[in-house]
1. Looking only at segment 57-98, which residues are touching a residue at least 24 places away in the same chain (Cβ under 8 Å), farther than 15 Å from residue 125 by Cβ and more than 15 Å from ligand 1 (Cβ to nearest atom)?
2. For segment 24-51, what are the residues that are surrounded by fewer than 21 Cβ atoms within 10 Å (Cβ to Cβ) and either in contact with a strand residue (DSSP E or B) (Cβ under 7 Å, 6 or more places away or on another chain) or over 29 Å from residue 299 (Cβ atoms) (or both)?
3. Among strands (runs of 3 or more DSSP E) lying entirely in segment 8-116, which contain 1 or more residues that are in contact with a helix residue (DSSP H, G or I) (Cβ under 6 Å, 6 or more places away or on another chain) and over 30 Å from residue 212 (Cβ atoms)?
4. Scan segment 1-39 for residues that are without any contact (Cβ under 8 Å) to a residue 24 or more places away in the chain and farther than 21 Å from residue 138 by Cβ and report the count.
5. Can you name every residue in segment 242-252 that is under 13 Å from residue 342 (Cβ atoms) and either in a strand (DSSP E or B) or under 31 Å from the mean Cα position of the chain (by Cα) (or both)?
6. Here is a check on your reading of the model: is residue 200 in a loop (DSSP other than H, G, I, E, B), at pLDDT 95 or above, in contact with a helix residue (DSSP H, G or I) (Cβ under 9 Å, 6 or more places away or on another chain) and on the phi > 0 side of the Ramachandran plot?
7. Could you say which residue among 170, 175, 200, 157 is within 22 Å of residue 32 (Cα to Cα), over 15 Å from the mean Cα position of the chain (by Cα) and either crowded, with 16+ Cβ neighbours inside 10 Å or within 12 Å of ligand 1 (Cβ to nearest atom) (or both)?
8. Tell me which residues, restricted to segment 101-149, are closer than 27 Å to residue 337 by Cβ, within 11 Å of ligand 1 (Cβ to nearest atom) and surrounded by fewer than 22 Cβ atoms within 10 Å (Cβ to Cβ).
Ligand code: TXA
Ligand code: MG
């Protein structure tokens, strides 16, 4: 399949939106930027169009997609009702990185969008290109992150091309995405609402608006199946295995040395603060300062993808504080690492 490429500029923006809208309306798949990560869009009312998304990503069919709209008025077409908590969240955080799960009105969307569930995740993204496209297309657009299933989500058009060139009808390039991690997913069909996936809007920000909510990822025991079907799969992972090293700087350095002695080529993914204390090595990349977790979020996927272009056989990273967007950073790192930790306390 030939993948058409657009680079959005002030001069061609309307023309681009018209062309992309036409493709989406015709049942094709087009990737575009949002403020969180790039998504692959398709007409959420068209079963065959949505099937192309699953096919292009290699995504399991039991993992539902988020529906994107330009305007709140479009939601009434396919949800049964909007609980008052959800209304407050929409008013405060939309457009923005918050996906709200609402009760689905049957037979309005393609059934594969929601993977047969009786609820649907919806959001209005806060990105001029996404909003422009959605407004011109005028249809609800199902859009998961535009990566091959299992890989880190794309934060640039180049990342999308890496994974999906030749697999989708088009890619709209418009620079890097701002947040760098996906939206927070909150289930407002439950009372109190439950955060199914931490993301761009923190639990603290949500609770300041609607009071206490449940955090599925914090409260879930290992045996339980996660409520957001997508959270049970391996995710965000580069090719080389990752382990999270929890200990002081000497301990961290020792783990690198031991691995190198075993013949591993070690990639190191750390904060500026830790980097300062480690011996320089070829595949060491910085995520930024711990004092700015939003910068760490912004860089994380790009740095994870970087390792796939190197010969590293193992990646060591460090844990970050689960405050604000740090919660989402650690959620993604935990998944990328498949829960592999090396802890100082257990060794000594
Ligand atoms: O920031 C984002 O949310 C990006 C951009 C493109 O908008 N999209 C994104 O989509 O991350 P995706 O498909 O990669 O992740 C959607 C998550 C999955 O974990 C899925 O299981 C969950 O949302 N989800 C979607 N609909 C759901 C529903 N009705 N009930 C429970 N979980 C749902
Ligand atoms: Mg995804």
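1. Once the filter is applied, which keeps residues that are touching a residue at least 24 places away in the same chain (Cβ under 8 Å), farther than 15 Å from residue 125 by Cβ and more than 15 Å from ligand 1 (Cβ to nearest atom), segment 57-98 yields 77, 85, 88, 92.
2. Filtering segment 24-51 for residues surrounded by fewer than 21 Cβ atoms within 10 Å (Cβ to Cβ) gives 25-28, 35, 45, 47-48, 51.
Of everything in segment 24-51, those that are surrounded by fewer than 21 Cβ atoms within 10 Å (Cβ to Cβ) and either in contact with a strand residue (DSSP E or B) (Cβ under 7 Å, 6 or more places away or on another chain) or over 29 Å from residue 299 (Cβ atoms) (or both) turn out to be 25, 26, 27, 28, 45, 47, 48, 51.
3. Details: elements: 30-32, 39-43, 66-68, 98-103.
By residue number, 30-32, 39-43.
4. Summing the residues that are without any contact (Cβ under 8 Å) to a residue 24 or more places away in the chain and farther than 21 Å from residue 138 by Cβ in segment 1-39 gives 3.
5. From segment 242-252, those under 13 Å from residue 342 (Cβ atoms) are 242-248, 251-252; that's our starting set.
Of everything in segment 242-252, those that are under 13 Å from residue 342 (Cβ atoms) and either in a strand (DSSP E or B) or under 31 Å from the mean Cα position of the chain (by Cα) (or both) turn out to be 242, 243, 244, 245, 246, 247, 248, 252.
6. Numbers: in a loop (DSSP other than H, G, I, E, B): yes; at pLDDT 95 or above: yes; in contact with a helix residue (DSSP H, G or I) (Cβ under 9 Å, 6 or more places away or on another chain): yes; on the phi > 0 side of the Ramachandran plot: no.
So residue 200 does not fit the description; no.
7. None of the others qualify; the one that does is 170.
8. Result: 115, 149.
The values are calculated or read from the model by the stated rules, or taken from the named source; none is laboratory data. Quantities reported herein were computed from a predicted structural model and do not represent experimental measurements. Here Cβ is always computed from backbone atoms with ideal geometry, including for glycine, and neighbour counts include all displayed protein chains.
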